[in-house]
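A quick write-up on the structure given underneath.
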Amino acid sequence: MSDGESGASARHDNIGRGILFALIAVLTFGIQDAVAKTLVQTYSPFHITMMRFWAFAAFSLFLVARQGPLRQALQTRHPWLQVGRGLLLVADIWCFAIAVKTVPLAELQSISLVYPLMVTLLAIPLLGEKVGVFRFAAVGVGFLGAMVIVRPGGLPLDWGVGFALLSSAAYAVYACLTRIVSRDDSTATSMVYVGLIGLVLSTAVGIGTWTPMDFNGVLFAFVVMATTCIAHGLMIAALKIAPASVLQPFNYVALPWAIVLSYFVYNQLIDPISLIGAAIIVGAGLVVMWRERQLASRARAAATPAEAAEPLH
């Protein structure tokens, strides 16, 4: 085998492993959501979010400390944006934890998947991106899918659905801010700020809602904390060996997994019309993703050799 063939095979193997890690991470996050749904029936969503951030902060600080001094990781050119990212991620998980208490897992995951469509719209004012008619139409179709789910006679339009939409909106803004800070700050810096801000804010609010936990509560809380670390660790490992553009479509595996968990754990089955709405959302998200990859490929092809040699931030 020639060196070129060997290199191509190694890259293919890495991408395959990256996809596998990403899929396991998505499945792990789904298990976390199902366990969290059980916990928030008894304990405050703020209590559970606090414990989740304890695990995430410890995990992120451990990873960053292995790379160098934490003091160095705290150096940022975008301090307020980094703080804002931390606040938004806490708000996202608070809203999701409140929503999961009443909204079935499958429908909640379907609504959550509108966030890439929100990112496309928010990228216009926040990132200065131009969005053409093609992507605008796909976004509109995606939101139509969400309306199918919450139609009259479908998922009741209550505060749980409202918090699900707020969760997606918070994460969409978080994703846009992450794109901005990643131009200048390292991944380690972004992880430290999210971990520390999340730890402080979630604890400041959550400690007031603390309720003594029985054995099952402690066990389930441990599962939530452990799956937080495992899933994030797997996703980081996946992104190290495979391009994000290759891995992103596999996030949609979360929907069929949520349908399976919702049925077998809670005996809740998504109705056929809502399933059509969910499929519309997924389809619109994949179309937007495909269009963005097309535009990025054209931009790279049009770049001069010197520009093409520049690393992407």
Report summary line: In the set Met213, Met289, the lone residue that is within 19 Å of the chain's Cα centre (by Cα) and touching a residue at least 60 places away in the same chain (Cβ under 8 Å) is Met289
Requested in this report: Identify the single condition in (1) within 16 Å of Val224 (Cα to Cα); (2) assigned to a helix (DSSP H, G or I) that Arg66 does not satisfy, given that it satisfies every other one.
Outcome: (1)
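Output the number of residues of region 263-281 satisfying the condition of being in a helix (DSSP H, G or I) and either among the charged types (D, E, K, R) or buried (at least 20 other Cβ atoms within 10 Å of the Cβ) (or both).
Total meeting the criteria: 5.
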Report summary line: Within region 60-105, of all residues that are touching a residue at least 60 places away in the same chain (Cβ under 8 Å) and small (Gly, Ala, Ser), the one nearest to Tyr43 (Cα to Cα) is Ala97
Report summary line: Of the residues in region 282-304, those that are outside any helix (DSSP H, G or I) and β-branched (Val, Ile, Thr) come to Thr304
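Within region 222-260, work out how many residues are aliphatic (A, V, I, L, M), over 19 Å from Leu117 (Cβ atoms) and at pLDDT below 90. Please lay out each step first, then the result.
As a first pass, look at region 222-260 and keep what is aliphatic (A, V, I, L, M): 223-226, 230-231, 234-239, 241-242, 244, 246-247, 253-255, 258-260.
Checking the rest, the ones that are also over 19 Å from Leu117 (Cβ atoms) come to 223-226, 230-231, 234-239, 241-242, 246, 259-260.
Now drop any that are not at pLDDT below 90, which leaves 239, 241-242, 246.
Result for region 222-260: 4.
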Report task. List the number of the failed condition for Lys101; all other conditions in (1) in a helix (DSSP H, G or I); (2) of a type outside the set (Phe, Trp, Tyr); (3) under 25 Å from Leu199 (Cβ atoms) hold. Result -> (1)
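Here's the yes/no breakdown for (1) at pLDDT below 90; (2) of a type outside the set (A, V, I, L, M, F, W, C):
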| residue | (1), (2) |
| --- | --- |
| Gly7 | yes, yes |
| Val26 | no, no |
| Gln32 | no, yes |
| Thr38 | no, yes |
| Pro45 | no, yes |
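Scanning region 114-144 for residues that are buried (at least 21 other Cβ atoms within 10 Å of the Cβ) and hydrophobic (A, V, I, L, M, F, W, C), which turns out nearest to Ile180 (Cα to Cα)?
Of all residues in region 114-144, those buried (at least 21 other Cβ atoms within 10 Å of the Cβ) come to 114-120, 135, 138-139, 142.
Narrowing further to those that are hydrophobic (A, V, I, L, M, F, W, C): 114, 117-119, 138-139.
Values: Val114: 21, Leu117: 18, Met118: 16, Val119: 13, Ala138: 24, Val139: 22 Å.
Filtering region 114-144 for residues that are buried (at least 21 other Cβ atoms within 10 Å of the Cβ) and hydrophobic (A, V, I, L, M, F, W, C), the one nearest to Ile180 (Cα to Cα) comes out as Val119.
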Report task. Take the residues in region 26-59 that are small (Gly, Ala, Ser) and over 18 Å from Gly195 (Cβ atoms), then tell me which one is surrounded by the most Cβ atoms within 10 Å (Cβ to Cβ). Result -> Ala36
Report task. Determine whether region 145-162 contains at least one residue that is buried (at least 19 other Cβ atoms within 10 Å of the Cβ), touching a residue at least 60 places away in the same chain (Cβ under 8 Å) and closer than 17 Å to Ile93 by Cα. Result -> yes
Query raised in the report: Does any residue in region 114-133 that is over 16 Å from Gln294 (Cβ atoms) come within less than 8 Å, Cβ to Cβ, of a residue that is buried (at least 16 other Cβ atoms within 10 Å of the Cβ) and of a type in the set (Ser, Thr, Tyr) six or more places away or on a different chain, and which pairs are these?
Result: Val114/Ser168; Tyr115/Ser168; Tyr115/Tyr171; Met118/Ser168
Query raised in the report: Do we find that Leu108 is of a type in the set (A, V, I, L, M, F, W, C), crowded, with 23+ Cβ neighbours inside 10 Å, within 28 Å of Val200 (Cβ to Cβ) and in contact (Cβ under 8 Å) with a residue 12 or more places away in the chain in this structure?
Result: yes
Requested in this report: Taking the options Phe59, Phe96, name whichever one is in a helix (DSSP H, G or I), within 21 Å of the chain's Cα centre (by Cα) and more than 25 Å from Trp257 (Cα to Cα).
Outcome: Phe59
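With respect to Ala172, is the statement that it is assigned to a helix (DSSP H, G or I) and either without any contact (Cβ under 8 Å) to a residue 60 or more places away in the chain or at positive phi (or both) true? Steps first, please.
Working: assigned to a helix (DSSP H, G or I): yes; either without any contact (Cβ under 8 Å) to a residue 60 or more places away in the chain or at positive phi (or both): yes.
Answer is yes for this residue.
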Requested in this report: Return the residue satisfying two criteria in turn: it lies in region 60-105 and is modelled with pLDDT under 95 and of a type in the set (Gly, Ala, Ser), and of such residues it is surrounded by the most Cβ atoms within 10 Å (Cβ to Cβ).
Outcome: Ser60
Requested in this report: Please enumerate the residues belonging to region 32-52 that are within 10 Å of Ile207 (Cα to Cα) and either aromatic (Phe, Trp, Tyr) or free of Cβ contacts under 8 Å to residues at least 12 places away in the same chain (or both).
Outcome: Phe46
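The values are calculated or read from the model by the stated rules, or taken from the named source; none is laboratory data. Computed from a predicted structure; not experimentally measured. Note: ideal-geometry Cβ built from the backbone for every residue, glycine included; neighbour counts use all protein chains shown.
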